[in-house]
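Read the structure below first, then the notes.
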């Protein structure tokens, strides 16, 4: 038997895959590389593959890849029928030389548990990294590429955003149970014949946190956040608006996953044509796109509106949206939670949270944040101009509250409660 070693050629692929499979079968443990991986690896720059050849048959292979100064040896396999003239040393000689030739200055071997291969590596001075642990996982199907996401103006939300949301306990619990859990645990949902939602509407007065909730959903399920802005569509001119919306949706559906947010959706779907910021062709195109979210997995459409009663009834009909969810004004408990969060951040001085809650009955979460930041600014300016070292005190917060115009009113709250009775569906 006369065995020689040469570089891999394209016509060797079938024999290489067969030998690769034999290498897997020789070891009972989980393999780092599947039979599909060599096909992908062989097309990469920096990949080196050499084969041992004997009388028309491939009887051994060694495959590695150079990444900068590191050469990774990923697989060394010799056919089990080769008992004499073992080509392992020559395969390693050739592979190491070729990796060094393209820049490798350090070699790391990730190979199967094979006594012969390990013995040959020991002979060559490879040392086991006893404190190292090799771990693997597939890239999640829901992971979007930065380039595709950037073209859409999307972004990946910071982990923990959902958990950090304080106040509005009722709305958060509804969204957690109806929306997030089926998306986060699809197998459990399927077991109970629960369909994960594909499209939802969030409605409530301005400043109550609808956008923040949508971003929180994206953070919680680890999907990218993409926003479609009707105002930007309107800027394109009537003849281009519908086409641009269709193209945008096509690109969104090419992403592995996404939470797609449309704020002020009344600009697209108002029952009165004069209230829309886009023409009727765009509104019709949007209605055509909504069912696509039900057909494409790992995509959630979240529409938000301040005025749900102004939306076209055809837009809200059952079957188009899974849930229509109210996001209302913060109750006293929610306002206390929101105030506590900002006060703890701004000052260590004693502050009467109950008094602040009582003084901000018609404040939204956004109003409370504005007043809290205003109190911090007052303390900052006082120290700068007067030299006082105190951080914000109760008078600063009360003064800031007095200077902040609340978004809500008794009429708005009453209208929201009526809308909840008429439109909420969860």
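The values are calculated or read from the model by the stated rules, or taken from the named source; none is laboratory data. Worth saying up front: this structure is predicted, and the values here are computed from it rather than measured. Cβ coordinates were reconstructed from backbone atoms using ideal geometry, including for glycine residues, and neighbour counts include every protein chain displayed.
Laid out as a table, the results:
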| read-out | value |
| --- | --- |
| Residue tally, condition closer than 30 Å to residue 288 by Cβ, touching a helix residue (DSSP H, G or I) at 6+ places or on another chain (Cβ under 6 Å) and in a loop (DSSP other than H, G, I, E, B), over the stretch 154-180 | 1 |
| Flag for residue 121 being over 27 Å from residue 306 (Cβ atoms), touching a strand residue (DSSP E or B) at 6+ places or on another chain (Cβ under 7 Å) and without any contact (Cβ under 8 Å) to a residue 60 or more places away in the chain | yes |
| Complete set of residues in the stretch 74-92 that are without any contact (Cβ under 8 Å) to a residue 60 or more places away in the chain and not in a loop (DSSP other than H, G, I, E, B) | 74, 75, 76, 77, 78, 88, 89, 92 |
| Within the stretch 306-412, helices (runs of 4 or more DSSP H) holding 2 or more residues that are within 33 Å of the chain's Cα centre (by Cα) and over 18 Å from residue 212 (Cβ atoms) | 313-316, 332-346 |
| Residue that is farthest from residue 3 (Cα to Cα), among those in the stretch 88-116 that are at pLDDT 85 or above and in contact with a helix residue (DSSP H, G or I) (Cβ under 7 Å, 6 or more places away or on another chain) | 107 |
| Residue match in the stretch 166-175 (condition: under 33 Å from the mean Cα position of the chain (by Cα), at pLDDT 90 or above and surrounded by fewer than 12 Cβ atoms within 10 Å (Cβ to Cβ)) | yes |
| From 59, 48, residue being in contact with a helix residue (DSSP H, G or I) (Cβ under 6 Å, 6 or more places away or on another chain), assigned by TED's automatic domain parsing to the domain that holds residue 9 and in a strand (DSSP E or B) | 48 |
| Set 371, 302: member being buried (at least 19 other Cβ atoms within 10 Å of the Cβ), in the same structural domain as residue 246 (by TED's automatic domain parsing) and at pLDDT 90 or above | 302 |
